[in-house]
1. For the structure I just gave you, tell me whether SER189 is among the polar types (S, T, N, Q), within 15 Å of the ligand (Cβ to nearest atom) and within 27 Å of the chain's Cα centre (by Cα).
2. Looking only at segment 401-443, count every residue that is outside any helix (DSSP H, G or I) and not aliphatic (A, V, I, L, M) and tell me the total.
3. If only one of ALA118, ALA128 is modelled with pLDDT under 95, in contact with a strand residue (DSSP E or B) (Cβ under 7 Å, 6 or more places away or on another chain) and away from the ligand (no atom under 12 Å from the Cβ), which one is it?
4. Evaluate the following for ASP284: is it of a type in the set (Asp, Glu) and either in contact with a strand residue (DSSP E or B) (Cβ under 7 Å, 6 or more places away or on another chain) or free of Cβ contacts under 8 Å to residues at least 40 places away in the same chain (or both)?
5. Can you name every residue in segment 122-180 that is touching a helix residue (DSSP H, G or I) at 6+ places or on another chain (Cβ under 6 Å) and β-branched (Val, Ile, Thr)?
6. Criterion first (more than 16 Å from the ligand (Cβ to nearest atom), among the polar types (S, T, N, Q), within 29 Å of ARG148 (Cα to Cα) and open to solvent by less than 30 Å² (accessible area, probe 1.4 Å)) does THR324 satisfy it?
7. So, in segment 169-186, of the ones that are open to solvent by 10 Å² or more (accessible area, probe 1.4 Å) and of a type in the set (A, V, I, L, M, F, W, C), which residue ends up nearest to SER61 (Cα to Cα)?
8. Inside segment 284-299, can you point out the residues that are buried (at least 16 other Cβ atoms within 10 Å of the Cβ) and part of a helix (DSSP H, G or I)?
Amino acid sequence: MRTSAIEHFDVLIVGAGLSGIGAGCRVQTRCAGKSYAILEARDDIGGTWDLFRYPGIRSDSDMFTLGYPFRPWKDAKAIADGPAILKYVKDTAREFGVDSHIRFRQRVVGARWTSEDARWLVEVESGAEGARVQYTCNFLYGCTGYYRYDAGYAPSFPGAANFGGRFIHPQHWPEDLDYAGKRVVVIGSGATAVTLVPAMAETAAHVTMLQRSPSYILSVPAVDHIAERLRRFLPEGLAHRILRWKNILVSTVLYQLSRRRPEFMKGLFRKIAVGNLPAGYDVDTHFKPKYEPWDQRLCLVPDSDLFKAIRGGRASVATGEIETFTECGIRLRSGEEIEADIIVSATGLRMLALGGVKLTVDGAAVEPGRTFIYKGAMLGNIPNFAFCVGYTNASWTLRADLSSTFVCRLLNHMKRGGYRVCRPVCDPAGLEERPLLGLNSGYVLRAAADLPKQASEKPWIMRQNYILDMITMKLGRLNDGVLKFEKKLPATQAEMQEKVSTAYSGND
Ligand SMILES: Cc1cc2nc3c(=O)[nH]c(=O)nc-3n(C[C@H](O)[C@H](O)[C@H](O)COP(=O)(O)OP(=O)(O)OC[C@H]3O[C@@H](n4cnc5c(N)ncnc54)[C@H](O)[C@@H]3O)c2cc1C
């Protein structure tokens, strides 16, 4: 077998979702002259916002912070529908010319770093057949999101085979599903469930949200009226910046209050629920969570849509444990039977570290679960590698964009200093291991062992605070004594080509 010519890039970005497109824009505008490509496993841009097609799919954070700081969000709705977000991501890619750098159907499966060559050799399954292709790059940047695309999380429900209706996971929404006039049960109480219930209730006969235990729910206006007013007399860019900062401050205050004054916030959430539900409604059973505010992600509902559907009698909430699926629906341990034509398992995602890319450094396999995260963007002892992870307590993009601007700073610093290699040097023995994400949601706990870790001291802390992170990532010294730079010359492309050809010659 002969290997075809290996393409080389200064930077390879993995993933063309919200983060990967943002990263492309940043590299393009801040690192003039760097060659880059975005390798995307799917055949379109958008990641999450292209994959999920369930009714009502929308953001649960505002678009002034979920959107990019460098491209104003102009729509009236600040809590936006999935298709509008997808269009925004695609338009951004087109406007910045990033779209022409994307290689679709390129699933990165592995990347091998050799110190001798000072390069990554990136292994890719290409096209529909998954043919093996290699690329090389000086710097690898994973913008792969945080969950598996092939399957969501669905627990095995007792008696599931008995159910005579349709059983659906929101990650694979069937295009042909007609739920008008049907009885629907949505299992779950997270962001997806609270989105699906009012959306389906518009035409379904009835929708029941079946939850084991409740979540904190906060109603926010879908349209930000301050935005409407500001946009009338301020230039778009300035209005976007002001609105972005307003929402960063509001979400920071909300989070800090939740952590420092949980009883006050619990009272507030209860008041919101009581005010929105019919008199005499059993708020404590259905809307009083067992955990503290922000132990799990807060669920936002636009314009009280969930509460309105309940008030209107089109939707209801059942709280209890499933005993079994039956032919006609679900029986709870309490004995209550809920009849259904359709059951939707809004039970969450399966988290995946680094998009499943297997990294090796000088022949040694990297176990993501045994690495420490550096400034929330790199991994201890892994050279020329960064990855993008967003906030759990605020919009993902706030942190994703900080990672991308940090990567650009790093690349420019290396260029100026003539450095070829950078590596956060880490002695794991001296660090106190903590889970990466400070949430106790099921999907986070299920994956915690496989995710990189944070520690209790800087720069190995994964903070959930945009303002502090902004200072560290944009202004903090790069020569901090942890990040080590080397001037080693990388291998030439001819040398890399020769090595790969030799490695494959045994297969001739
Ligand atoms: C239904 C839903 C709603 C959400 N709503 C919000 C919200 O309102 N606010 C918020 O802050 N967050 C929200 N999130 C989190 C959301 O995922 C992020 O906001 C954001 O979309 C993540 O963007 P991303 O580009 O990092 O990841 P993704 O959107 O997951 O995109 C990752 C891309 O990388 C590609 N990829 C992955 N692995 C590989 C590989 N090995 N090789 C090649 N390509 C690869 C994928 O195909 C995909 O295109 C939501 C998540 C879901 C599932």
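1. Values: among the polar types (S, T, N, Q): yes; within 15 Å of the ligand (Cβ to nearest atom): yes; within 27 Å of the chain's Cα centre (by Cα): yes.
It is true that SER189 is among the polar types (S, T, N, Q), within 15 Å of the ligand (Cβ to nearest atom) and within 27 Å of the chain's Cα centre (by Cα).
2. Here is the first cut: in segment 401-443, the residues outside any helix (DSSP H, G or I) are 418-427, 431-441.
Now drop any that are not not aliphatic (A, V, I, L, M), which leaves 418-420, 422-424, 426-427, 432-435, 438, 440-441.
Qualifying residue count for the region: 15.
3. Values: ALA128 fails: in contact with a strand residue (DSSP E or B) (Cβ under 7 Å, 6 or more places away or on another chain).
Residue meeting the stated conditions: ALA118.
4. yes
5. Listed by number, the residues that qualify are THR136, THR144.
6. Working: more than 16 Å from the ligand (Cβ to nearest atom): yes; among the polar types (S, T, N, Q): yes; within 29 Å of ARG148 (Cα to Cα): yes; open to solvent by less than 30 Å² (accessible area, probe 1.4 Å): yes.
Yes; evaluated as a whole, the condition is true for this residue.
7. To start, the set of residues in segment 169-186 that are open to solvent by 10 Å² or more (accessible area, probe 1.4 Å) comprises 169, 172-183.
This time we only want the ones that are of a type in the set (A, V, I, L, M, F, W, C), so: 173, 177, 180.
Details: TRP173: 22, LEU177: 28, ALA180: 29 Å.
The qualifying residue nearest to SER61 (Cα to Cα) is TRP173.
8. Going through segment 284-299, the residues buried (at least 16 other Cβ atoms within 10 Å of the Cβ) turn out to be 286-289, 293-299.
Hit for segment 284-299 is HIS286, nothing else.
The values are calculated or read from the model by the stated rules, or taken from the named source; none is laboratory data. Predicted model only: the values in this text are computed from it and were never measured. So basically every Cβ, Gly included, is an ideal-geometry build from the backbone, and we count neighbours across all protein chains shown. Keep in mind that these areas ignore ligands, DNA and RNA; they rest on the heavy atoms of the full protein, side chains included. Shrake-Rupley method; radii C 1.70, N 1.55, O 1.52, S 1.80 Å.
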